[in-house]
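To keep things clear, I will list the structure first and then write my remarks on it.
The values are calculated or read from the model by the stated rules, or taken from the named source; none is laboratory data. Everything numeric here is computed off the predicted structure, so don't read it as measured data. When we count neighbours, we look across all protein chains shown, and the Cβ atoms used for this are built from the backbone with ideal geometry, even at glycine. Areas reflect the complete protein model, heavy atoms only, side chains present, ligands, DNA and RNA absent. Shrake-Rupley method; radii C 1.70, N 1.55, O 1.52, S 1.80 Å.
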Amino acid sequence: MALKGKGRFSIIRIACAFKYAIQGIFYATKVEKNFQIHITCGVVVGVLSFLLKINKTEWLFIIISIFGVLALELVNSALERTVDIATKEIKPLAKQAKDLAAAAVLVYAIMSVIIGILILGPKLIMLF
């Protein structure tokens, strides 16, 4: 995995870093149920945003919300696996670490829903 003897900023190192990151995204998309749910919600919100012709500032908030939730879900999944590697026993601190990481995703997701309601809600109401 490590590319010994290559320069710190070599193209090969950068290409491998992107390759590993993309593999992680594909793995999460294939295996992680919550990531799949977040991607589905993100696509729905993205399509709605496009159809409702939101402005550039609104797009910024929507994009930050969608990708923020996805990024936090990836971090949460990585942390859960790290805790699982560290201990096979059920330990209170291990549970707390997992619960806190999941809580971070939940808090960000709630914020994203609020942003979505504030931006898309009035536009959807105007349709009816």
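Of the residues making up segment 81-109, just one is exposed (fewer than 12 other Cβ atoms within 10 Å of the Cβ), under 20 Å from Val31 (Cβ atoms) and among the β-branched types (Val, Ile, Thr), namely Ile85. Summed over segment 64-80, the residues that are open to solvent by 90 Å² or more (accessible area, probe 1.4 Å) and in contact with a Gly (Cβ under 9 Å, 6 or more places away or on another chain) give a count of 1.
Which residue, of Ile119, Ile115, is in contact (Cβ under 8 Å) with a residue 12 or more places away in the chain and in contact with an Asp or Glu (Cβ under 6 Å, 6 or more places away or on another chain)? Of Ile119, Ile115, the one residue that is in contact (Cβ under 8 Å) with a residue 12 or more places away in the chain and in contact with an Asp or Glu (Cβ under 6 Å, 6 or more places away or on another chain) is Ile119.
The numbered conditions (1) touching a residue at least 60 places away in the same chain (Cβ under 8 Å); (2) part of a helix (DSSP H, G or I); (3) more than 21 Å from the chain's Cα centre (by Cα) are all true for Ile54 except (2).
Run down Phe35, Phe61 and say which single residue is open to solvent by 90 Å² or more (accessible area, probe 1.4 Å) and within 25 Å of Ile119 (Cβ to Cβ). Quick ask: steps written out before the conclusion?
On the way: Phe35 fails: open to solvent by 90 Å² or more (accessible area, probe 1.4 Å).
Result: Phe61 is the single residue among Phe35, Phe61 that is open to solvent by 90 Å² or more (accessible area, probe 1.4 Å) and within 25 Å of Ile119 (Cβ to Cβ).
Please determine whether any residue of segment 10-31 is more than 30 Å from Met126 (Cβ to Cβ), assigned to a loop (DSSP other than H, G, I, E, B) and without any contact (Cβ under 8 Å) to a residue 60 or more places away in the chain. Taking every residue of segment 10-31 in turn, at least one turns out to be more than 30 Å from Met126 (Cβ to Cβ), assigned to a loop (DSSP other than H, G, I, E, B) and without any contact (Cβ under 8 Å) to a residue 60 or more places away in the chain.
Please state which one of Ser65, Ser49, Ser112 is polar (S, T, N, Q), assigned to a helix (DSSP H, G or I) and under 21 Å from Phe26 (Cα atoms).
Ser65
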